[in-house]
Every structure is written in C-alpha cells, then in structure tokens.
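See structure below.
The values are calculated or read from the model by the stated rules, or taken from the named source; none is laboratory data. Small disclaimer: the values here were computed from a predicted structure and weren't measured. Here the Cβ is made from the backbone with ideal geometry for all residues, glycine too, and neighbour counts use every protein chain on show. Just the protein is used for accessible areas: all its heavy atoms, side chains included, with ligands, DNA and RNA removed. Shrake-Rupley method; radii C 1.70, N 1.55, O 1.52, S 1.80 Å.
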Amino acid sequence: MKKIFIFLFMLISFTSFSQLSKTHYIPPITCSNNEFSIAEEQFLYISTPSITPVNFRIIQLGSSTILGTVSRDNPYSYNIGYGTNTQFILDKDLVGTVATNKGFIIEAESVVYVSVRLNGGGSNQAGQITSKGLAALGKEYRVGAFLNGSLGGYGTNNITFASVLATENNTLVTFDAIETGVTLLNSTNGSAPFSVTLNSGESYIVAVEGPNSKNADGLIGMRIVSDKDIVANCGSTTGSNGFSNTDYGIDQLVSSERTGKEYIFIKSTGQDVVEVPLIVANTNGTKIFLNGNPDLSPDFIINQGEYLFLNGSSYGPNGNLYIRTSENVFAFQSVGDNSRPDLANQNMYFVPPLSCETPKGIDNIPNINKIGDKEFIGRVAITTKAGSTLNFIINGIPYTYDELPFAGYTTDGPNAIIGNTNYVTYTITGLTGNVAVYSTSELYLASLGSVGAATFGGYYSGFIFKPEISFTTINPLLNSCIPNATLSVGTISSFDEFKWFFNGTQIATGTSIQPSQAGDYYVSATNTACNTTIISDIIPISICANDYDNDGVNDNIDIDLDNDGIVNCIESNLTPQINLSNSSSGIITMNPSFPIYDATFTGQITTSTNAVANPIIGNIDGSFSTEVPSGKANFVSYTLSLTDATKSFPLGFKYCSAGSPNES
C-alpha cells in the first residue's frame, strides 16, 4: 500500500552550551533620554569556530531580515543604529506596553556566538548583552542590577529594567516579588503582581527610575514567570554601586533550572565599593557559604527574592572569591576598572555556576576591545581546573599562556582560590581583535573592555543545554538531502563520546556522520568525567529527489519531466482531482473521460494530545484547512493511503488564494 504523508510540524534544535548556538534571542532594553545616560552607537556581533563560512539571518522583529555569512577568521558586526528608537532600544515612554517591533532573533546554519554592545552618555557609558543562545529559554527568572543605594542625585536618568521576549503565541508572563513602595515606569500598578500576554516575537519591559528611593534596588529579586518559554534581559542603564558616577550594567539571564550552587568570582581593578558579587535567592532559607566554610556554619541565610551583596574586601588575597549555596541562586558580578576615585568605570554581568559539563574552549570573541570604532582595553578573566593547560589564538596567531607576556600581553595567574583547590583563576590584559581560548578542562571566561569612564563585558561560557546537530551539505550547490548531507556536532564542548542513532538504533560513533537512509537521526553525547549523557533532538533526513531531465528541478516538483516544453498534465492527459470532503476515504479522479485511471484512498488523522475538534477540514476540490493549538509540542498529521498499491499519481501543494486572516 502506497502512502502519502501530509505532516505539519516544527523542528527545534538545541545547543550543548550557552552562547554557542544556532538560535539566539535578543529582547530589547530601555534607557533614559538624559544626555548622560542616552544610548548611542549599538552593534550586534556574530562569531563562530567554523573555518568555512556559516550562513545566518538576523530577524529584526516586526521589520526586515538581514542575511550574511560568518567564519572563524571573519566575524560579523551589524550597526543597529543610534539613540533610543532602534531595533534594540525601546524609548522609556513606551515602557509598560507590548512592543511588536523590537528585538532580534538570529538563526544560523551552524553554531555561532552573539552579543550586542553599545556606547552611551557621551561615550561615558558602555554595556553588553551576551546572548545565552537557546540556554536562555525558560519560564522562571530573578532580576539583578546595580544597587544605587549610595548614589548621590539618584533621579530620572537612572533606570533599572527587566525585559522579556516571547517565543510562542499566547504566552502569559507574570511579574511578582516587587519590593513594596516601588513605582513602575508608566504604570499605576505599584508593586502589586501583574501579568501580560504576549505572542511570539512580542516583548515587554518593566522599569523603574529615580528619585523614589524605593526604586533604587526595588527590582532586584523581582521574579518573572511564564507558562511558555521566554527570554529575559535585565540590569541598569544607568546605575551605580558607588556614591558617584554611573555606567551601564546589563546582561541576558538563564532560567532558574540552569542556575547553580557554586560560583567563583574574579575581582577586577576597581575600588572595593564597585567590586560587588550579588547573590539573589530563589528559595527560602538559602544558605550562603564563603571560601569553603562548612555546612554547619553558613555566612548568610536569605529567602526567595532577597539578595546578598558583598564588595571588594570580601575577595581573597589572590583576587578571587568562592561562594557555595544550599539552593540554586542567580549570581551577578559588578566590576570597576583602573581604581578611579570617581567610580566612573562600572559594569555588571550574569555569572555561570561551576559545572563539570562546561565546555573547554571559547572560539572566538570578536573584536574584543571594540564597540564600533571606539577602542577599549581588552581583558579576560578565566577560571579553569587546577593543572589545566591554556592555549590561545589571537588574531590568527597561536600562543601558549607562557608566551603571552612576550607578545605584549599582561598576565596574572594561575591564582589559587581559598576554599576550592580544584580551580584556579587568571586575568589577561591588553587583548585586541579576535580572541580564542582553550583549556584542557572546564573554561569559564568573562570578556571585558574598559577605557575612560566606560566599561562593558560578559561571560562567554558556562550554561549547559542539549547537544546540537549541525546539518551541512557536502556540495553547497546541491540540495540538503541524502546523499548530499552531513550531520555533525561541535568539537568545542564538554562531551567526549558521541553515539549516533537512526530510527532508534545506534549506527555510529564520532563527531559526524553521512546519512545513507531516510529517517530520523539523533546523537547521544556523554561527558565521561561527569558521568552524564544528554540526547539531542531528532533530525529527520530525506532522500534527494531525482532529476530525470537534468534541468535543475527535482522530479517531485518539475511540471515538465522531460523538458520538452509540454507540461506533464497535458502529455499525460491526466489532472488528478482529490475529493477530500470525507477525509477518511474518497476518490482521486485522474481524468473524467478515463475513469479507469481513478483511484480510491483511505485517510487517517493523527494529532497531539492537545488538539481541536476538527483539526483538518477537506473540500471536494482538494482544498483543505488545518488547525493546530498554539504550542511547539502540538501537531496534526494526515496520512493518505492508496487502496491499490499498483497505482500512483503526482501530488502538489499550493496555498489557497484566500483564507482566514488567522490561518497560517
């Protein structure tokens, strides 16, 4: 019995660790229009470890799509624009409303890193959102920001915010645990919990500003929960942990299940008051231990939504700090630079937890010392396992760690950590251009840039997710199907064992395979040191269709199979008409004058558990409509089977000329 499958589905692929991903989401942020705070130049950076070019597209939500290519030695930067009305910045007067035309989705054919950097306030401010890739997707978050508690002149130019971007329609997002007395920007809601409903690609920003002193730290610890996956950014534009001067402190979050209980902080070169580790609890009775203190002697205990902040005096003599907690926490770090007495250089970023599943390399950070044409002093802060070997590629030139000083870079490390002898820390200053770093063990790397009164930065590693399969063509001029397809996994990961499966049966090991049969493929990735195995999503692969007349058009869609200028339906004197008014059975009329060619069929509808009453409605002329409930896990499929297996007919699809505005 021959079968024709009509299957509607959505394929989602996941990455094995944070920033290196095939899909990235960038919600918008907001800032003041004050001349000392306003956003100025904004750039989106894309890089990849792939030596061969990787195609990508930048989807400007509600606007146009930008196509491009990127390779290891040729990173990509996109000039977003200038000011408070760009694809990345929502004017503060629109905070508290649903935005349909802000933010980005970046999709690539292989894994890439993505970040957004911006200057502001007359080049006295700078900041960076480091995308966490698909590891950013989740349903529960807590906000971190500058404290602003000692800031003189706290006012309307000092904004703290949280922004979310929905990835599915009808997503309910709730904001709660807002400190009593807080007044939200453009809202009469006060500090009461509230919810908004967003569709895919829509965003929403919650923000506060001065002079209300309750607003200074009133969003720190705020909880964001949703019933479907969202992505969240948070921080301050501008704010401060000191008593004077301000800067941007912004980053992208991961959800609560991807946070952890062990963190290592590396002090920068600022004064103690701006060198702030910030711990936000998500569970009542969270115990916090500093520098390896035993379980019976917690240094602090905080409840959900509460936060602990330390300062530079909490760091050990080697400029690092080990924090362990009894429950998962959200960890942020604020840093300064150059020990400026006016505290002008500050930055804040989200910190990854320690995990043996963390990748061993970052390849690469593009233009580490630049935002557009503005140059900064590039710096990295590194945590890795004690005894590990570090190697670097800087602007295409390989170095060992010991060779860096001879190339003009300033190094410090390895530095032991009080309370955790398993790890050491390093700092390297004076970096420029494109920088890749490799370790023989876990690698946690924060990239920083500082000049004048401005500092930007963020972590490029540390958040774990599923392994991702890259789908590439052997001959880029041909179609993406068997035998012209290769499946592979990235080599920059913590996994050291890969098993490939075809229709549920293991067929190979290694980092890549070339499929030979049509069906479903997935990879099982194992980190033997951690004794953990993670399964990728399933990738369906089909066989390339024939091209009988070698005209470059596959036979299954070629309306003139022999390329003689006469279309198939004229030559065959057959124009199949499928009567779908009864989807369970019917007749296919090839030609009313030749009923001998008619065929009968049976049909079967299959749906997800969540389905509408009439998922497929067919008509006598062969047209049909489908309805699938919102949600990535929902589907409807229709299988049409010919009663006589000896018969066959061509089948094509096209959209109806008219349909419901809600149909897709």
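Scanning the range 415-433 for residues that are open to solvent by less than 30 Å² (accessible area, probe 1.4 Å), out of contact with any Gly (no Cβ under 7 Å at 6 or more places or on another chain) and more than 23 Å from Cys356 (Cβ to Cβ) returns Ile428, Gly433.
Taking each residue of the range 364-382 that is surrounded by fewer than 24 Cβ atoms within 10 Å (Cβ to Cβ) and looking for partners that are acidic (Asp, Glu) with beta-carbon atoms closer than 7 Å, six or more apart or interchain, yields Asn369/Glu375; Gly372/Glu41. Set side by side, the residues Lys228, Lys139 differ, and just one is charged (D, E, K, R) and either within 18 Å of Gly249 (Cβ to Cβ) or touching a Leu at 6+ places or on another chain (Cβ under 9 Å) (or both), which is Lys228. For beta carbons closer than 8 Å, sequence separation of 6+ or different chains, a first residue in the range 580-601 that is free of Cβ contacts under 8 Å to residues at least 24 places away in the same chain and a second that is part of a helix (DSSP H, G or I) and open to solvent by less than 90 Å² (accessible area, probe 1.4 Å), the qualifying pairs are Thr589/Pro595.
The condition (being surrounded by fewer than 18 Cβ atoms within 10 Å (Cβ to Cβ) and at pLDDT below 95) is satisfied by just one residue among Thr400, Thr440: Thr440. Residues of the range 548-557 include at least one that is open to solvent by less than 90 Å² (accessible area, probe 1.4 Å), modelled with pLDDT of 70 or more and either under 30 Å from Leu137 (Cβ atoms) or part of a helix (DSSP H, G or I) (or both).
Among the residues of the range 212-260, those identified as under 23 Å from Pro28 (Cβ atoms) and among the basic types (Lys, Arg) are Arg223, Lys228, Arg258. Annotation note: Cβ proximity below 7 Å between a residue of the range 615-643 that is more than 18 Å from Gln604 (Cβ to Cβ) and a residue that is aromatic (Phe, Trp, Tyr) and assigned to a strand (DSSP E or B) (sequence gap 6+ or interchain) occurs for no pair. Filtered by the rule that a residue be over 19 Å from Asn157 (Cβ atoms) and open to solvent by 60 Å² or more (accessible area, probe 1.4 Å), the range 78-98 gives Asn79, Thr97, Val98. A count restricted to the range 319-352 and to residues that are of a type in the set (A, V, I, L, M, F, W, C) and more than 13 Å from Leu278 (Cα to Cα) stands at 2.
Restricted to strands (runs of 3 or more DSSP E) entirely inside the range 193-267, those with at least 1 residues that are open to solvent by 40 Å² or more (accessible area, probe 1.4 Å), touching a Pro at 6+ places or on another chain (Cβ under 7 Å) and touching a residue at least 12 places away in the same chain (Cβ under 8 Å) are 260-266. Is it the case that the range 511-522 has a residue that's closer than 30 Å to Tyr113 by Cα and either touching a Gly at 6+ places or on another chain (Cβ under 6 Å) or among the β-branched types (Val, Ile, Thr) (or both)? Scanning the range 511-522, I find at least one residue that is closer than 30 Å to Tyr113 by Cα and either touching a Gly at 6+ places or on another chain (Cβ under 6 Å) or among the β-branched types (Val, Ile, Thr) (or both), so the answer is yes.
With the structure loaded, tell me whether Val70 is modelled with pLDDT under 95 and buried (at least 19 other Cβ atoms within 10 Å of the Cβ) or whether it fails that test. Considered against the rule, which asks whether it is modelled with pLDDT under 95 and buried (at least 19 other Cβ atoms within 10 Å of the Cβ), Val70 comes out as no. Quick check on the range 164-171. Is at least one of its residues open to solvent by less than 20 Å² (accessible area, probe 1.4 Å) and assigned to a loop (DSSP other than H, G, I, E, B)? Scanning the range 164-171, I find at least one residue that is open to solvent by less than 20 Å² (accessible area, probe 1.4 Å) and assigned to a loop (DSSP other than H, G, I, E, B), so the answer is yes. The requirement of being more than 26 Å from Tyr76 (Cβ to Cβ) and either in contact with a strand residue (DSSP E or B) (Cβ under 6 Å, 6 or more places away or on another chain) or aromatic (Phe, Trp, Tyr) (or both) is satisfied by Ala177.
Asp93 meets all of the listed conditions (1) farther than 23 Å from Leu198 by Cα; (2) touching a residue at least 60 places away in the same chain (Cβ under 8 Å) but one, namely (1).
When each of Asn579, Asn591 is tested for being in contact with a Leu (Cβ under 7 Å, 6 or more places away or on another chain), modelled with pLDDT of 70 or more, farther than 30 Å from Asp227 by Cβ and of a type in the set (S, T, N, Q), the lone residue that passes is Asn591. Restricting attention to the range 403-414, the residues that are of a type in the set (A, V, I, L, M) and either surrounded by 14 or more Cβ atoms within 10 Å (Cβ to Cβ) or in contact with a Leu (Cβ under 8 Å, 6 or more places away or on another chain) (or both) add up to 1.
Does the range 28-41 include one or more residues that are at pLDDT below 95, among the acidic types (Asp, Glu), surrounded by fewer than 23 Cβ atoms within 10 Å (Cβ to Cβ) and under 30 Å from Ala207 (Cα atoms)? Yes - at least one qualifying residue is present in the range 28-41. Here the range 42-63 is the region considered, the condition is being touching a strand residue (DSSP E or B) at 6+ places or on another chain (Cβ under 9 Å) and of a type in the set (Gly, Ala, Ser), and the residue that is surrounded by the fewest Cβ atoms within 10 Å (Cβ to Cβ) is Gly62. Residue count for the range 268-288, restricted to those that are assigned to a strand (DSSP E or B) and surrounded by fewer than 22 Cβ atoms within 10 Å (Cβ to Cβ): 2.
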